[in-house]
Amino acid sequence: MTQPVSGRIGRTAAESEPWFEEAPHPGEDAPNVVIVLLDDTGFAQLGCYGSSIDTPHIDALAADGLQFTNFHVTPLCSPTRAALLTGRAQHAVGMRTVANFNTGFPNQRGHISERAATVAEILHDAGYATFCAGKWHLAPIDECSAAGPFRHWPLARGFDRFYGFLDGETDQFHPQLVADNHPVDPPYGPDDGYHLSEDLVDQVLRMIADSRGVRPDRPFLAYVPFGATHAPHQAPTAYLAKYRGAFDHGWDVERHRVWERQLELGVIPRGTALAPRNPGVDAWDDLPETQQRLACRLQEAFAAFLDHTDAQIGRLVDGLRRLGVLDDTLLFVMADNGASQEGGPFGVMHEMKFFNGILETPDEAITRIDEIGGPHSHTNYPWGWAQCGNTPFKWYKQNTHEGGVHVPMVLHWPAGIAAGQRGTQRRQFVYVADVVPTIYDLLGITPPPVRRGLDQLPVTGHSFASVLADAAAPATNEVQYFEMTGSRAIVAGRWKAVCRHVAGADYDTEPWELYDLTTDASECHDLAGEFPDRLDALVDLWWDEAAEHGVLPLDDRGVELFGARFRERSAHPPARRYVYRPPMSPIPAQASAAIGGRSFDLTARMSRCTGDDGVLWATGTENSGISVFVQDDRLVVDYNAFDAHTIVESSVPVPAGDVEVTARFRRGDGRSGTVELAVDGVPAGRADIALYMRMISSIGTSIGSDAGSAVSRRYAAPFAFSGTLHEIVIELVSPPAPGTADAAQRAELARQ
């Protein structure tokens, strides 16, 4: 007989004493916690940090809370998220770079170590309800399909509910979505007003309301990592129209105006110089008129995207207020890294075109200027606007200079911040790994040394709870290292040493720079020659910190990382033969057949009647992709290379009954390629492909229909196949051409 943990079992109920297990509860006074994370948003891109872009809802949170002006992160999204959610060094928990790679070394597993419990796991154990809505990007991407495994998905890392996307980016109008542990379609389309940021806020407010409606005694953690403002920069039409002409004065004038506002607002120290233009950023007045027009429209799309996101944050705050929980909610708003440099010198109409090594000129792109920011675009702005977003700093996301790692953070908590302190700034150095230890400190929670049988890594972040009540309190984090693909930096008190690594350079001999951040926050005056001993001591300290926090080995490799996803027991079989049998959910791009830049055969086996049409296989979106379908009893391939459609239609009908059709894709010399069709083994058509894509899309594959936006203009999505599709077989028939894998790796790192 099973004995109770407590109580007493007698012969009858009258002779027995019952016992009821009590669920954990953090206490009646435990506040809620909401963490809003913006993507690729620079230090100067919020209104309260000097921007001319309207962000009234974030500004209002700062005016009623605390504004941190010396907040730092890693230079890239996944490492920042790993440090944020665990309170530990990103390398120590296995996330040196983006989650897309596993190098076999402890500092880059492509997921957070299970020896580093997340804040969701710790708060869940303490009795919190835990929700996540937005971008995850903390699981190996080849494990992000409906096949799993799900061990690194949000629900396995402490969240009760999840709604969002698992990769590093997605189309804001046609996202590839997951709810909890399964793929889902967006609830409606862009023609009906759909935008992902609005959907995310709808979903997280529903999660919170569901919890509060039944268990109002139970506090919650809500993590809301928007896809905004990562490319593609997409926004509703009204927001795009709002910014028409707003930046016609150019980035030099705008950056100077932002810098002056920052000095006036006090978000940068008095005397801070405006860093010179980065290499590759030309003076605005020297640009041709066409390049200026394109750059302005690309910046307008970014501004519209951010403004729209701010409105969604306002909706989230209003929702919390309606539920009566806003005052007792510890609400953070922050960015994951500096503004993105992935738009290149001109900006891009289609980011994937840039990642295929195609530098589209402004004269070419300007013909589609009115599409910028809408569903039929995948844009990113040029370097000049990115540096403007990082004012007053130099460099960008991916760099360990301040432009890559110095970002905004606002903290709002009316019940926990004295009225006299609200609306004030905090200038103490704070790092992203310090956020969770601060939450634990404020909630009175101590992470256990052992969780579910695993010894836990120490929480190494520093609580800054002491500075909430005292603007003059000393900084609690006095030494902080940075590293990204060999670029390094360390902040120790007022001093910063930084090295911008070039792949292949000698780590021991490449130059370091030295800055006194108290007088030179924008890193304009290199003191390395003036204080060589101090610089040497800081470099030595960096190596000590690197050893302590699992940074080593330093790693700037390219092609090897890309190939690591083809390891045994992954989504990519060693024979490079992929077999898909419907019904199947859409497959994320990096878990789909690895066809980018490669020759392959696609064979579809089906049973059909005359008139049975539809998509057999499709990958990508209306902006770039490939679709194989039957239409009017003919086999059709539409190879959509950034809106240049190569279409080949079979010269013979696809017969009724059991039939096998094949599309043979071959990469040729340079960027060219071909596609050949066969019906039941009989050649049935051929076409030359002018641009054979190396990287196709961040949106993956669908089987038996075209999920999301239609790859081909010859049908309306989803155009599901009306016959019976038995299987799709994709076989890679050759290794990538020389240099292809390396180019694809560079592109993927840049995209992320």
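Table: residues versus (1) assigned by TED's automatic domain parsing to the domain that holds PRO448; (2) crowded, with 24+ Cβ neighbours inside 10 Å; (3) among the hydroxyl-bearing types (Ser, Thr, Tyr).
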site	(1), (2), (3)
THR86	yes, yes, yes
ALA89	yes, yes, no
THR103	yes, no, yes
VAL119	yes, yes, no
TYR128	yes, yes, yes
ALA139	yes, yes, no
ARG151	yes, no, no
GLY164	yes, yes, no
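Go through TRP512, TRP543 for me and flag whichever is outside the structural domain of GLN387 (by TED's automatic domain parsing), closer than 30 Å to GLN262 by Cβ and either of a type in the set (Phe, Trp, Tyr) or at pLDDT below 95 (or both).
TRP512
Taking the condition surrounded by fewer than 21 Cβ atoms within 10 Å (Cβ to Cβ) and hydrophobic (A, V, I, L, M, F, W, C), does LEU306 pass?
No.
Can you tell me how many residues within the stretch 156-172 are assigned to a loop (DSSP other than H, G, I, E, B) and either aromatic (Phe, Trp, Tyr) or in contact with a Cys (Cβ under 8 Å, 6 or more places away or on another chain) (or both)?
4
Among the residues in the stretch 304-312, are any within 23 Å of ILE366 (Cβ to Cβ), of a type outside the set (Gly, Ala, Ser) and either in contact (Cβ under 8 Å) with a residue 40 or more places away in the chain or outside the structural domain of ARG161 (by TED's automatic domain parsing) (or both)?
So far as the stretch 304-312 goes, yes, one or more of its residues are within 23 Å of ILE366 (Cβ to Cβ), of a type outside the set (Gly, Ala, Ser) and either in contact (Cβ under 8 Å) with a residue 40 or more places away in the chain or outside the structural domain of ARG161 (by TED's automatic domain parsing) (or both).
Having 1 or more residues that are β-branched (Val, Ile, Thr) and under 16 Å from GLN312 (Cβ atoms) is the bar; report the strands (runs of 3 or more DSSP E) wholly within the stretch 173-285 that clear it.
220-225
When the stretch 668-683 is examined, which residues are found to be at pLDDT 95 or above and buried (at least 17 other Cβ atoms within 10 Å of the Cβ)?
GLY673, THR674, VAL675, GLU676, LEU677, ALA678, VAL679, listed by residue number.
Just to check your reading of the model, which residue among VAL93, VAL98 is at pLDDT below 95 and either hydrophobic (A, V, I, L, M, F, W, C) or not in a loop (DSSP other than H, G, I, E, B) (or both)?
Only one candidate qualifies: VAL98.
Is one or more of the residues making up the stretch 117-131 touching a Pro at 6+ places or on another chain (Cβ under 8 Å), in a strand (DSSP E or B) and hydrophobic (A, V, I, L, M, F, W, C)?
yes
Across the stretch 189-212, which residue is surrounded by the fewest Cβ atoms within 10 Å (Cβ to Cβ) among those that are under 26 Å from MET584 (Cα atoms) and in contact with a helix residue (DSSP H, G or I) (Cβ under 9 Å, 6 or more places away or on another chain)?
The residue in question is HIS195.
Using beta carbons and a limit of 6 Å, which pairs, at least six apart or on different chains, have the first residue in the stretch 375-387 and at negative phi and buried (at least 24 other Cβ atoms within 10 Å of the Cβ) and the second one at pLDDT below 95 and in a strand (DSSP E or B)?
Correct list of pairs: HIS378/HIS350; ASN380/VAL348.
Could you grab me the full set of residues in the stretch 27-39 that are at pLDDT 95 or above and in a loop (DSSP other than H, G, I, E, B)?
Of everything in the stretch 27-39, those that are at pLDDT 95 or above and in a loop (DSSP other than H, G, I, E, B) turn out to be ALA30, PRO31, ASP39.
One line per residue, one yes/no per condition, for (1) assigned by TED's automatic domain parsing to the domain that holds LYS135; (2) of a type in the set (Gly, Ala, Ser); (3) buried (at least 24 other Cβ atoms within 10 Å of the Cβ):
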site	(1), (2), (3)
ALA14	no, yes, no
PRO18	no, no, no
GLU21	no, no, no
PRO26	no, no, no
SER52	yes, yes, no
THR55	yes, no, yes
ALA60	yes, yes, no
VAL93	yes, no, yes
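Name the residue, out of ASP669, ASP633, that is among the acidic types (Asp, Glu) and in contact with a Pro (Cβ under 7 Å, 6 or more places away or on another chain).
After applying the criteria, what remains is ASP633.
Looking at the stretch 647-670 only, could you name the residues that are within 19 Å of GLY357 (Cβ to Cβ) and free of Cβ contacts under 8 Å to residues at least 60 places away in the same chain?
GLY668, ASP669, GLY670
How many residues, within the stretch 686-722, are outside any strand (DSSP E or B) and in contact with a helix residue (DSSP H, G or I) (Cβ under 8 Å, 6 or more places away or on another chain)?
Going through the stretch 686-722 one residue at a time, the tally reaches 8.
Taking into account only those residues within the stretch 504-520 that are assigned to a loop (DSSP other than H, G, I, E, B) and touching a strand residue (DSSP E or B) at 6+ places or on another chain (Cβ under 8 Å), which is farthest from PHE393 (Cα to Cα)? Don't jump to the end; show me each part of the working.
Filtering the stretch 504-520 down to residues assigned to a loop (DSSP other than H, G, I, E, B) leaves 504-512, 517-520.
Filter once more, so that each one left must be touching a strand residue (DSSP E or B) at 6+ places or on another chain (Cβ under 8 Å): 510-512, 517.
Numbers: GLU510: 22, PRO511: 20, TRP512: 17, LEU517: 12 Å.
My answer is GLU510.
Six or more apart or on different chains, Cβ atoms under 6 Å: show the pairs whose first residue is in the stretch 320-341 and of a type in the set (A, V, I, L, M, F, W, C) and whose second is at pLDDT below 95.
As it stands, the answer is none, since no pair meets every condition given.
For the stretch 319-429, which strands (runs of 3 or more DSSP E) that fit wholly inside it have 1 or more residues that are touching a strand residue (DSSP E or B) at 6+ places or on another chain (Cβ under 9 Å), more than 20 Å from GLU300 (Cα to Cα) and among the hydrophobic types (A, V, I, L, M, F, W, C)?
Once the strands (runs of 3 or more DSSP E) in the stretch 319-429 are filtered for at least 1 residues that are touching a strand residue (DSSP E or B) at 6+ places or on another chain (Cβ under 9 Å), more than 20 Å from GLU300 (Cα to Cα) and among the hydrophobic types (A, V, I, L, M, F, W, C), what remains is 329-335, 406-412.
Sort out for me the strands (runs of 3 or more DSSP E) sitting completely within the stretch 631-685 that have 2 or more residues that are within 16 Å of ARG605 (Cβ to Cβ).
Details: elements: 634-641, 644-649, 657-667, 673-679.
In the stretch 631-685, the matching strands (runs of 3 or more DSSP E) lie at 657-667, 673-679.
Could you check, for the stretch 206-218, whether at least one of its residues is under 18 Å from the mean Cα position of the chain (by Cα) and farther than 23 Å from LEU443 by Cβ?
no
For GLN176, are the conditions met, namely being more than 30 Å from ALA710 (Cα to Cα), polar (S, T, N, Q) and crowded, with 19+ Cβ neighbours inside 10 Å?
So GLN176 does not fit the description; no.
Go through the stretch 106-125 and give me each residue that's in contact with a Lys or Arg (Cβ under 8 Å, 6 or more places away or on another chain) and more than 26 Å from PHE220 (Cα to Cα).
Passing the criteria: ASN107, GLN108.
Can you tell me which residues in the stretch 270-283 are out of contact with any Lys or Arg (no Cβ under 8 Å at 6 or more places or on another chain) and surrounded by fewer than 19 Cβ atoms within 10 Å (Cβ to Cβ)?
ARG270, GLY271, ALA273, ARG277, PRO279, GLY280, ASP282, listed by residue number.
Give me the pairs: first residue in the stretch 415-429 and at pLDDT 95 or above, second residue among the acidic types (Asp, Glu) and part of a loop (DSSP other than H, G, I, E, B), beta-carbon distance under 6 Å, and six or more apart or on different chains, which are they?
As it stands, the answer is ALA415/ASP327; ALA415/ASP328; ARG422/ASP64, since those pairs meet every condition given.
Taking ASN623 and the conditions (1) among the polar types (S, T, N, Q); (2) closer than 24 Å to LEU732 by Cβ; (3) part of a loop (DSSP other than H, G, I, E, B), which numbered condition does it fall short on, given that it satisfies the others?
(2)
Just to be sure before I move on: is ALA418 over 21 Å from PHE71 (Cα atoms) and out of contact with any Gly (no Cβ under 9 Å at 6 or more places or on another chain) in the structure I sent?
When the stated conditions are applied, ALA418 passes them.
The values are calculated or read from the model by the stated rules, or taken from the named source; none is laboratory data. Note that the structure is a prediction, hence the values are computed from the model and not measured. Cβ: placed from backbone, ideal geometry, glycine included. Neighbour counts: every protein chain shown.
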